[in-house]
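Okay, structure first, notes after.
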Amino acid sequence: MTYTGGNIPKLGFGFMRLPVIEGDENATIDIEQVKRMVDVFMGAGFTYFDTARGYHGGKSEAALKRALIERYPRESFQVATKLPAWMAADAEEARSMFETSLVESGAGYFDFYLLHNLGESRSALFEDYGLWDFAREQKDAGLIRNLGFSFHDKADEFERILEAHPDVDFVQLQINYADWDSESIESRKCYEIARSRGLPVVVMEPIKGGSLVKLPESVAAILNEADPSASLASWALRFAASLPGIVTVLSGMSTLDQVKQNVEIMKDFAPLDEGERAAVDRAREALAKLPVIPCTDCRYCLKGCPEGVRIPVALASLNILIAFADEYRAQENYDWNAEGGEASKCIECGACEDVCPQHISIIDELKKAAEAFE
């Protein structure tokens, strides 16, 4: 491990939910608005920008070039991008994504480069395509300063990847107070594994895709009582940024107002104190008591499904609706993760219900998911 990132301000700008021109059928990114957002972000002293080859249909890196890289000295900011092996047809196409990212972004080199979204069956592709060795070669050539990976799975798989590749410089994990003790995401367990290895952590989803600013009133009241002047976003961002060993906390900001709010929260960042941590704990406990579908993401249901339905994804998306009434985030979660295994493919064979430890009426829930998201 040769981490060279230095001391980076604790708010990072995620280029995955950028504003688009209203009414444009091609969802063209509103570059002029993005430039204003970048200017406010940089003007407040923040410097970390996170993109990926696949964001915005492959247009995010080019947007970063126009809004940031062509307008500011290269040494004044950090660029992170990612290689999604699962978007490639073969090893050659996967490897070509690196050069494409260099060209599209105009970055010259990447301060942080990630193998994108490891976990589940996706991890094997990075091995099969030889991408670990390929990325190390790019690092040796000086085109990557810090090499890591982003991860969406459970702690056992995270540990396995690190055992196989102990030389990574950092990792990117989904961490927020709602998922901290989640049996399906295991944020705390993954974070503790990273810390036990001395690995710096970049935090993604600190506001759970925006859901933690749309809390049920009973949960929001706990945080508002603890500090009436603090926004719900501030609780989420500060929880993640208060953890030791954090490089920065990413926020996928979509509007100029969001940028202004977040930089105001984080420009004079102070870790949560003991009373504030206790308030977050109470909010987490209240969220855990909501009547969500009791899926633990054990995935027993997946093994016998003849149609390959992504059952845990469907249930997790429904739970976002139940807990947060966040239709956008629920749909986004479903669209990103259920492709090829949509709920509507269920043939009601009952194999999943026979093995579900939680005795969930999965067939009925899949019907609800198909109606809600397809």
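The values are calculated or read from the model by the stated rules, or taken from the named source; none is laboratory data. Bear in mind the structure is a predicted one, so any value in this text is a computation, not a measurement. FYI the Cβ positions are ideal-geometry reconstructions off the backbone, even for glycines, and counts take in every protein chain you see. Side chains are part of the model used for accessible areas, which takes the heavy atoms of the whole protein and leaves out ligands, DNA and RNA. Shrake-Rupley method; radii C 1.70, N 1.55, O 1.52, S 1.80 Å.
Quick look at the values:
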{"read-out": "Any chance SER150 is at pLDDT 95 or above, hydroxyl-bearing (Ser, Thr, Tyr) and crowded, with 19+ Cβ neighbours inside 10 Å", "value": "yes"}
{"read-out": "Failed condition for TYR300, given (1) under 23 Å from ILE207 (Cβ atoms); (2) modelled with pLDDT under 90; (3) among the hydroxyl-bearing types (Ser, Thr, Tyr)", "value": "(1)"}
{"read-out": "Selected residue (only one of ILE69, ILE8 is under 20 Å from LEU173 (Cβ atoms), open to solvent by less than 40 Å² (accessible area, probe 1.4 Å) and out of contact with any Cys (no Cβ under 8 Å at 6 or more places or on another chain))", "value": "ILE8"}
{"read-out": "Selected residue [under 28 Å from PRO312 (Cβ atoms) and of a type in the set (S, T, N, Q)] from SER101, SER121", "value": "SER121"}
{"read-out": "Per-region count, the range 226-265, residues outside any helix (DSSP H, G or I) and over 21 Å from the mean Cα position of the chain (by Cα)", "value": "5"}
{"read-out": "Residue match in the range 93-102 (condition: without any contact (Cβ under 8 Å) to a residue 60 or more places away in the chain, under 20 Å from THR248 (Cα atoms) and open to solvent by less than 40 Å² (accessible area, probe 1.4 Å))", "value": "no"}
{"read-out": "Residue tally, condition open to solvent by less than 10 Å² (accessible area, probe 1.4 Å), more than 11 Å from GLN138 (Cβ to Cβ) and in contact with a Phe, Trp or Tyr (Cβ under 9 Å, 6 or more places away or on another chain), over the range 103-119", "value": "5"}
{"read-out": "Qualifying residue in the range 266-275 (condition: assigned to a helix (DSSP H, G or I) and more than 29 Å from PHE46 (Cα to Cα))", "value": "no"}
{"read-out": "Flag for ALA85 being under 27 Å from ARG329 (Cβ atoms), without any contact (Cβ under 8 Å) to a residue 60 or more places away in the chain and in contact with a His (Cβ under 9 Å, 6 or more places away or on another chain)", "value": "yes"}
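Okay, residues lined up against (1) within 26 Å of HIS116 (Cα to Cα); (2) in a loop (DSSP other than H, G, I, E, B); (3) modelled with pLDDT of 95 or more:
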| residue | (1), (2), (3) |
| --- | --- |
| CYS190 | yes, no, yes |
| ILE193 | yes, no, yes |
| VAL203 | yes, no, yes |
| PRO206 | yes, yes, yes |
| GLY209 | yes, no, no |
| LEU215 | no, yes, no |
| ASN224 | no, no, yes |
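Condition check ((1) open to solvent by less than 10 Å² (accessible area, probe 1.4 Å); (2) of a type in the set (A, V, I, L, M)) across all residues:
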{"position": "LEU199", "(1), (2)": "yes, yes"}
{"position": "VAL203", "(1), (2)": "yes, yes"}
{"position": "PRO206", "(1), (2)": "yes, no"}
{"position": "GLY209", "(1), (2)": "no, no"}
{"position": "PRO216", "(1), (2)": "no, no"}
{"position": "SER229", "(1), (2)": "no, no"}
{"position": "ALA233", "(1), (2)": "yes, yes"}
{"position": "GLY245", "(1), (2)": "no, no"}
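Residues checked against (1) open to solvent by less than 20 Å² (accessible area, probe 1.4 Å); (2) over 21 Å from the mean Cα position of the chain (by Cα); (3) closer than 18 Å to ALA91 by Cβ:
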residue: LEU143; (1), (2), (3): no, yes, no
residue: ASP156; (1), (2), (3): no, no, no
residue: VAL171; (1), (2), (3): yes, no, no
residue: SER182; (1), (2), (3): no, no, no
residue: ARG188; (1), (2), (3): no, no, no
residue: GLU192; (1), (2), (3): no, no, no
